[in-house]
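Participant: Dropping a structure here in structure tokens format, bear with me for questions.
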């Protein structure tokens, strides 16, 4: 009896045979919102995303704003979706982006991994980011969390 108790927590069922939809997301940097960063006290660092998902392919464009340190970032992220159509979905992508600081724009590159938990028309996510911060010339790790709403389903 005790051996089958963990089964519901690891069992995954399919939502659909084909995962093809658009989504919009809003999220925030969890560490900056709660503890603060390396150069700032706790403050809002938010991101807004528009994305497209077609089975194992993911493409998203995003905008991030962090007014406490006068930082903005925007870019495009092509990615790969593992286990499409499941409730728990890992995604990996690369961010080809720019960082905008007052009077300067810097190119940037990041590797992202996301873990998404899907419901019928939305999902929640945690996203780990390892970004090359060319405005300061160092690598920075961040953890984001947020919610995404799906639309444009095929009937």
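Participant: Among the residues of the range 88-110, is any closer than 18 Å to residue 27 by Cα, surrounded by 15 or more Cβ atoms within 10 Å (Cβ to Cβ) and in contact with a helix residue (DSSP H, G or I) (Cβ under 8 Å, 6 or more places away or on another chain)?
Facilitator: The answer is no; no qualifying residue exists.
Participant: Kindly indicate whether any position in the range 22-33 is over 12 Å from the mean Cα position of the chain (by Cα), more than 18 Å from residue 115 (Cβ to Cβ) and modelled with pLDDT under 95.
Facilitator: The answer is yes, given that some residue of the range 22-33 is over 12 Å from the mean Cα position of the chain (by Cα), more than 18 Å from residue 115 (Cβ to Cβ) and modelled with pLDDT under 95.
Participant: Report yes if residue 142 is modelled with pLDDT of 95 or more and part of a strand (DSSP E or B), otherwise no.
Facilitator: The answer is no for residue 142.
Participant: Restricting the search to the range 64-81, which residues are touching a strand residue (DSSP E or B) at 6+ places or on another chain (Cβ under 6 Å), surrounded by fewer than 17 Cβ atoms within 10 Å (Cβ to Cβ) and either farther than 19 Å from residue 25 by Cα or free of Cβ contacts under 8 Å to residues at least 24 places away in the same chain (or both)?
Facilitator: Scanning the range 64-81 gives 65, 76, 78.
Participant: Is at least one residue of the range 26-40 in a loop (DSSP other than H, G, I, E, B), in contact with a strand residue (DSSP E or B) (Cβ under 6 Å, 6 or more places away or on another chain) and exposed (fewer than 14 other Cβ atoms within 10 Å of the Cβ)?
Facilitator: Within the range 26-40, none of the residues are in a loop (DSSP other than H, G, I, E, B), in contact with a strand residue (DSSP E or B) (Cβ under 6 Å, 6 or more places away or on another chain) and exposed (fewer than 14 other Cβ atoms within 10 Å of the Cβ).
Participant: Any residue at all in the range 140-154 that is surrounded by fewer than 18 Cβ atoms within 10 Å (Cβ to Cβ) and out of contact with any strand residue (DSSP E or B) (no Cβ under 7 Å at 6 or more places or on another chain)?
Facilitator: Scanning the range 140-154 turns up no residue that is surrounded by fewer than 18 Cβ atoms within 10 Å (Cβ to Cβ) and out of contact with any strand residue (DSSP E or B) (no Cβ under 7 Å at 6 or more places or on another chain).
Participant: Which members of the range 111-125 meet the condition of being touching a residue at least 24 places away in the same chain (Cβ under 8 Å) and either surrounded by 18 or more Cβ atoms within 10 Å (Cβ to Cβ) or part of a strand (DSSP E or B) (or both)?
Facilitator: 112, 114, 115, 116, 117, 118, 122, 123, 124, 125
Participant: Still on this structure, I have one more. Please go through (1) modelled with pLDDT under 95; (2) within 20 Å of residue 56 (Cβ to Cβ) for residue 127 and return the number of the only condition it doesn't satisfy.
Facilitator: If we test residue 127 against (1) modelled with pLDDT under 95; (2) within 20 Å of residue 56 (Cβ to Cβ), just (1) comes out false.
Participant: So, residue 130, is that one surrounded by fewer than 16 Cβ atoms within 10 Å (Cβ to Cβ) and either part of a strand (DSSP E or B) or in contact with a strand residue (DSSP E or B) (Cβ under 9 Å, 6 or more places away or on another chain) (or both) or not? Spell out the reasoning first.
Facilitator: Values: surrounded by fewer than 16 Cβ atoms within 10 Å (Cβ to Cβ): yes; either part of a strand (DSSP E or B) or in contact with a strand residue (DSSP E or B) (Cβ under 9 Å, 6 or more places away or on another chain) (or both): yes.
The answer is yes for residue 130.
The values are calculated or read from the model by the stated rules, or taken from the named source; none is laboratory data. Treat the numbers as computed from the prediction; the structure is a model and nothing was measured. Please note: Cβ atoms are built from the backbone with ideal geometry, for glycine as well, and neighbour counts cover all protein chains shown.
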